[in-house]
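Below is one structure, written out as structure tokens, with a few remarks after it.
Derivation of every value follows stated rules applied to the coordinates shown; laboratory data play no part. All of these numbers come straight from a predicted model, not from anything done at the bench. In this analysis, Cβ positions are derived from the backbone assuming ideal geometry, glycine residues included, and neighbour counts consider all displayed protein chains.
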Ligand SMILES: [Zn+2]
């Protein structure tokens, strides 16, 4: 039965309600229940909202966010190498020059000639700086390279990754002053006799970036930008020829990745803190991802274009980013704190062939370099924390930036008194609702607030599930903020429906109170989140403090106006002070937070893999942030009559239906050349079985159209089957990209080599030598040497109970599958591995190996080194097909891969 009454809160159709406008005829038939509707003793009078007041919302919700987002994306002007006084300054044009030179070398994938040439470029540039520094009586420049070998390990989403490397070069440049201006600067190292470097003090800031690029990428932003910024910072310091305190160590490493433990040892006794320069995108400013000590957060506050909030650090530490940057390795091996900074805008081209200089935004490099030089200048000033002997403090600091203009930071403990006072004020302002006449509405609001958020998230996730299951996942992929058009309306439909249902049981008088009780309940809700997070020591609590403060301002000014007799007779709240003024603050926070979050997560969804709930993550972020950042929308909803409330829900539904019609129809392909779908294609030759197979893989849950079936029919063996493979740790098909191989959706079919040359083609293979050291009491000691001549990105996989190995973690006790990713250089392509295994006499172990053929990477090396080789031809043909059919909306990683099994 429909229970409804035309006497709903302030409904102008209420005959008892004084209305200046003519009564609006009731559109829908209203069934008046046979209960006695007794006229309220006190008339529920509600403040009227004039059309002009409603119109005031428009600029705050349109022009202001537009202007703020412009501000958010504004970058500094690119600067020339010297300012008007002739003083050196970081210069974008020089940085882009370095990036261009590196890109022109080719894809600097570890194991290729290009990777060695990239290292050589940096060595040459460093030599130029050394020459310039040579005659200086002010500065001392030292440089050395390390060609290291070693082992290390890390975890990505519970997958053990072991890394062995050999012949990978690190280039190091240290700049210090002959006579540092401050005399308090020395922290002498007791024993430095082992050191290859003449340095004596542990007072260095280390800047790190990597020269190599990943497969298949020219690595312009990742990490040409970091390499270029560091070269230019070094140039500025050398050209300035000015004494400074402490010292600066630049370290360019040759393997995506990690400083080797031996490097760490060599420089660890000099380094006090580090800054990692990375990229996961090619536009916008450099974002501060992590800051791991109080001193380094303070150092960051000197950046002229601060961009970063502790929320990013909180999100990052949750592990959801699936990322393992050099930063973590640096921290681990050097045992120092630091800053992790990365350019992250337009992350759609990250680790693809489009990570090219032509997509780097003007101002991005300048933004990065301006920030780095300011931080370095602070760290080499007389007040630098590098000069103090006390250990750095833990990062118990709340920090955030606003629109690249201001950076605010304070100790987390200092928040508590303010948060407590704020929470108390929130409670005091809510007490009036406990009166006998208002408690029902208040109770309903207290329940309705969290339920409203859950209702919103539930509706958004329901829609996400429907889209995903009907093959319409990721229809929002083409723009970072497109998810908002789908999941914000969906979320508000859920939230408002919850409100309509809950308020149904209330009397008209109680309903007329809902506006102000919800205003209080929202404030209590956000203040509770603030207190809970603060107690859990989660620094992001500050955000809820901000939101609560704006709401408290609203409630408080409303009370003051009441006391002054303005609107004291009416229910409801003063629209200007309670809604419009706080809304300006909400809009500012929302623009900053939602753009930053979605700029990372929307493109990330394109590479999250088949199992990650990408659609639901995006739905939850969009719907929940709309709820959290606009807490006044619920009280505002209760300000309008019930009939209008229904119209609002209807309007949202119609809007959503329109958006879905446009984006979920068969006419819409959610990818384009600027926002491509990631696909992996490989031609695999198995040395052990002699099989040739084709493999197609997807990294997201978006539509796949006819990609697999067409590649199979056009390029697979005739009359063969295509299989959707379920890869486990025991399948080696995609081991070259382990552990990503565990997250991708893969397909496989046989290939028949056509020509005689193709059939007789000699595929490169892995050489190996074993030396049995000892085999007694079920313990087998084995020395292995592998030769990866002509191979790139080799991976070894084997199942064994390992007792001892070369890695820096103790081997797990049980028998399990291990994966070793090997990085070798083109000039030094062997890798040794010593293992002690639990094996019975005579038992055999099988090692599955796979690697990319150096000559058959498309577009990396194939056209130059092996255009007529079987995989090159096959992949190039697929590339041409994809280009003509999909016009750049597919970003395909294409490699000829060889694999095999050896028995030891
Ligand atoms: Zn990188």
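Applying 1/(1 + (r/R0)^6) with R0 = 25 Å to the Cβ-Cβ distance of residue 556 and residue 528 gives a FRET efficiency near 0.85. Compared with the direct C-alpha span, the chain from residue 880 to residue 388 gains 171.1 nm at full extension, assuming 0.36 nm per residue.
Maximal additional length on extending the residue 123-residue 420 stretch stands at 101.3 nm, based on 0.36 nm per residue less the C-alpha distance.
Here the chain carries DSSP beta bridges of which approximately 75% are antiparallel, counting only pairs with both residues inside. Helix 226-240 and the longest principal axis of the C-alpha atoms of the chain enclose an angle of approximately 80°. Potential lengthening of the chain between residue 674 and residue 501 amounts to 57.9 nm, from the contour at 0.36 nm per residue minus the alpha-carbon distance.
Taking the longest Cα principal axis of the chain as reference, the axis of helix 508-535 is set at about 30 degrees. May I ask you to list the residues of the stretch 523-555 whose amide nitrogen lies under 12 Å from a point 7 Å from Cα along the Cα→beta-carbon direction of residue 427? It comes to 528, nothing else. Entry for the stretch 588-665 at q = 0.26 Å⁻¹: log10 I(q)/I(0) = -1.18, Debye formula applied to identical alpha-carbon scatterers, no solvent contribution. Remark: spin-label model distance residue 841-residue 804 equals 2.1 nm, labels positioned 7 Å along the Cα→Cβ axis.
Here the ratio of the Cα radius of gyration of the chain to 2.2 N^0.38 Å is 1.08. The simple Förster model, with R0 at 60 Å and r as the Cβ-Cβ distance, assigns residue 381 and residue 709 a FRET efficiency of 0.40. Taking every alpha-carbon pair under 8 Å whose residues sit at least 6 apart, the chain reaches a relative contact order of 14 percent. Once both labels are positioned 7 Å from their Cα atoms along Cα-to-Cβ, the gap between residue 67 and residue 834 label points is 6.9 nm. Panel order for 141, 899, by other beta carbons found within 10 Å of each beta carbon, from fewest to most: 141, 899. Spin-label model, residue 466 to residue 437: label points 7 Å out along the Cα-to-beta-carbon direction sit 4.3 nm apart. Counted by neighbouring Cβ atoms within 10 Å, the residues 82, 351 run from fewest to most as 82, 351.
As a rough guide to protection, the peptides 344-350, 447-453 ranked by mean Cβ packing within 10 Å, highest first, stand as 344-350, 447-453.
In whole percents, the pair-distance distribution calculated for the stretch 731-789 from its alpha-carbon pairs, binned every 5 Å from zero, is 4, 11, 11, 12, 15, 18, 13, 8, 6, 2, 0.
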